[in-house]
Amino acid sequence: ALPVMFFLPLWAFVYVKLTEPPPEPVTAITEGAATYAAQCASCHGGDGAGSEGGGVGRPLYNGEVLLTFPKLDDDMLYWLAVGSEGIGIGNPYGATDRPGGAHISGETGANMPGFGGALTEYKIYSVARYIR
């Protein structure tokens, strides 16, 4: 009986740990959601509505970001890293053949900040994954 009493607390601890659900894995999209909320939502809105929802940034929802950046590639990551000033105010960015024409850096009066100095490359990538 003594060995059973000795191992009972250990068994109970192991049993409880095995029945708990595993923690949610951190993925690029979950990381991107957190970074978007902290860095991007103030201009683009929590739902990505941007200027259509009272924000100052361009809308990202309803496929808008996919029209501007059809692929998650270096062009999109560069834009997120350097922003309007890095591209140059008045210069086009993203897809030049998008419906309605290319977006022009600074044309809305709200300049996109570059996040290359504030965020790691992985965080920039994770935001790109999230908004797509």
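Read the figures in this text as sums done on the coordinates, not as results from a lab. Because the structure is a prediction, the values reported are computed rather than measured. Quick reminder, even Gly has a Cβ in these numbers, built from the backbone with ideal geometry, and neighbours come from all protein chains shown.
Results, tabulated for the structure shown:
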read-out: Index of the failed condition, Ile89 passing every other in (1) part of a loop (DSSP other than H, G, I, E, B); (2) touching a residue at least 24 places away in the same chain (Cβ under 8 Å); value: (2)
read-out: Per-region count, the stretch 74-90, residues over 22 Å from Thr27 (Cβ atoms) and surrounded by 14 or more Cβ atoms within 10 Å (Cβ to Cβ); value: 8
read-out: Any hit, the stretch 98-114, residues being of a type in the set (Val, Ile, Thr) and within 16 Å of the chain's Cα centre (by Cα); value: no
read-out: Out of Ala128, Ala118, Ala110, Ala95, sole residue that is assigned to a loop (DSSP other than H, G, I, E, B), among the aliphatic types (A, V, I, L, M) and either touching a Leu at 6+ places or on another chain (Cβ under 9 Å) or within 14 Å of Leu72 (Cα to Cα) (or both); value: Ala95
read-out: Count - residues of the stretch 109-132 that are in contact (Cβ under 8 Å) with a residue 60 or more places away in the chain, buried (at least 17 other Cβ atoms within 10 Å of the Cβ), closer than 23 Å to Ser51 by Cβ and of a type in the set (Gly, Ala, Ser); value: 1
read-out: Pick from the stretch 4-56, criterion of a type in the set (A, V, I, L, M, F, W, C) and touching a residue at least 60 places away in the same chain (Cβ under 8 Å), ranking: farthest from Leu72 (Cα to Cα); value: Cys43
